[in-house]
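Following: one structure in structure tokens, then a few remarks.
Every read-out reported here was derived from the displayed coordinates using simple, explicitly stated rules and does not represent laboratory data. None of the values given here were measured: they were computed from a predicted structure. Virtual Cβ from ideal backbone geometry, glycine too; neighbours counted across all protein chains shown.
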Amino acid sequence: MRQMKQTNSRRGIPSVEKVLQALGGVSLPRPLVLRIVRSHLAKLRSEGGMAQFDELIESLRGELRKLELTRLQPVINGTGILIHTNFGRSPLAAAALEAIDGAGKFYNNLEYDLGAGERGQRGAYLEELLAHLCEAEAATVVNNCAAALVLILHHCTRERREVIISRGELVQIGGGFRIPDILKHAGAVLREVGTTNKTSLADYQEAISAQTGLILKVHRSNFAMSGFVDSPSREELTRLAHEGKLLFVEDLGSGAISAEAFATLDREPTPAECIRAGVDLVCFSGDKLFGGPQAGIIVGRLEAIRALKKDPLFRALRCDKLIMAGLQATAELWATEADRGSLPLVQMIRADAGQLRKRAENLMEELGELPLDLAIGSGSAEAGGGALPGATFESVTLDVRPKGATLEEFASRLREGHPPVVGYIAKGVFKLDLRTIFPEQEGALLEAIRQAVQTRPI
Ligand SMILES: *Cc1c(COP(=O)(O)O)cnc(C)c1O
């Protein structure tokens, strides 16, 4: 240690202790700060020295701050996008959080048969509940919808490799999820039919061969096509698949359990609707319109679900107890009409403009003394997260124009504040959409805005 110090000072590199002292209080765990400082100093050493001590401290502070911003933390979402993949998609209902708390805090019967007093089945109740909600024979869950699709494709194309899919459905969903890639990785062979805008039943029919494993339909969950567009109905595809003794699978993505719950928005097909039309297996995400934790829900024919659960890949993709507890509580809310109102997504969609305006006015009043131009504005919220593409609905915004700072500067200071606040800039103002801001976050929002204005003159 002593020797290292001497070497350091010869090259003008300060000791770790000196740097830590100069940094002062940092809110990250000390061993982590130490790691950053050491690697920073090692880099300087290899580069043969450093400029100013102050500059070193400044740059280290910047590095630590940058790291701290990547720490998972609650964010105030003023974007008006309800299911924002970057913000962890759907917020969970209180009942789901309680269930997660209970399952995590104590032991539970995850795989224990309480009646028999021996090893039991995992998720039997949850599967029954999900099957009920989707009017299906059976159900199961894996890590996410992508995993569900991989499992289905991998399992159902072991012998006959080809998967028939319309060119209009070879889509990309969010960060790097491309249907053709998923197919490839699952060991399936893509057999594209039709064109981008039109695919007929005959196109599917002509593609069926001895190599065909299944017909796949992928819901266009993040974009809408209109105009000269056509594709066969689910019923027609079911008939075709079953005549050829093929499975008909649908990747539904968003998974709106109830059409009425989201009635103010455009229609999304429900899993039950797909099942009624004869689709053999339907998969959708647990954390989009379903409003639960990240999961991939698969519903459909009993035999098919049973076979999926026996596939060794299922073991690698299964959910943990916390997810299952949260999903179970969320599914129970869906099961009882009167309880659906406690799902945050449903509440946000139902919030009326009058209520939102009142909240915006209160915020405006609270911020009155700050050097900000404030106004109540209008915005258009949207479902986001691969659900209800193109459907926007009226919302109310708090419009802010900071005095003596650009909108970008103000937005960036709010993003880096405590808690971080994300809004958007439109028509020369910084906007915060009230629909996606929880009423219980308002106190923290006011504090964050005050800090953004006051900590440094802007
Ligand atoms: C969102 C979506 C997926 C991916 O779901 P994850 O749960 O994020 O894996 C797959 N397919 C469709 C149609 C989707 O909308």
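Observations, loosely collected:
- For the stretch 330-458, alpha-carbon Rg relative to the globular expectation (2.2 N^0.38 Å, N residues): 1.15
- Sorted peptide list for 71-83, 95-107, criterion being average Cβ within 10 angstrom, highest first: 71-83, 95-107
- Antiparallel bridge percentage (DSSP; both residues within the chain; nearest 5): 60
- Within straight-line reach of LYS321, meaning a Cα separation under 18 Å, sit the following lysines at least 8 residues removed in sequence or on another chain: LYS105, LYS309.
- Whole-number D in µm² s⁻¹ for the stretch 369-438, Kirkwood Cα-pair radius fed into Stokes-Einstein, 10 °C, 1.306 mPa s: 122
- In the chain, Cα pairs under 8 Å separated by at least six residues give a relative contact order of 19 percent.
- Peptides 288-301, 367-380 ranked from most to least packed by the mean count of surrounding Cβ atoms within 10 Å: 288-301, 367-380.
- Counting DSSP beta bridges with both ends in the stretch 245-398, the antiparallel % (nearest 5): 75
- Magnitude of the charge dipole, the stretch 360-416, Cβ model with Lys/Arg +1 and Asp/Glu -1, debye to 20: 200
- By average C-beta atoms within 10 angstrom, highest first, the peptides 349-359, 113-123: 349-359, 113-123
- Net lengthening on full extension, PHE53/ASN86 (0.36 nm per residue, minus Cα-Cα): 8.2 nm
- Projected onto their three principal axes, the Cα atoms of the stretch 60-108 cover extents of 45, 30, 14 Å, largest first.
- Magnitude of the charge dipole, the chain, Cβ model with Lys/Arg +1 and Asp/Glu -1, debye to 20: 2240
- Principal-axis analysis of the Cα atoms of the chain puts helix 353-366 at an angle of about 10° to the longest axis.
- When each of LYS403/LYS427; LYS66/LYS288; LYS18/LYS43; LYS358/LYS403 is checked by Cα-Cα distance, pairs over 22 Å: LYS66/LYS288; LYS358/LYS403
- Prolate/oblate/rounded call for the stretch 151-254, Cα gyration tensor, a/c under 1.5 rounded: oblate
- P(r) tail fraction, the stretch 226-368 - alpha-carbon pairs more than 18 Å apart, %: 67
- About the centre of its Cα atoms, the stretch 162-221 shows a dipole size close to 180 debye [charges on the beta carbon of Lys, Arg (+1) and Asp, Glu (-1) only; nearest 20 debye].
- Stokes-Einstein D (µm²/s) once Rh is taken as the Kirkwood radius of the stretch 17-124 over alpha-carbon pairs, at 25 °C in 0.890 mPa s: 130
- From the Kirkwood radius over Cα pairs of the chain, Stokes-Einstein at 25 °C and 0.890 mPa s returns a whole-number translational diffusion coefficient of 97 µm²/s.
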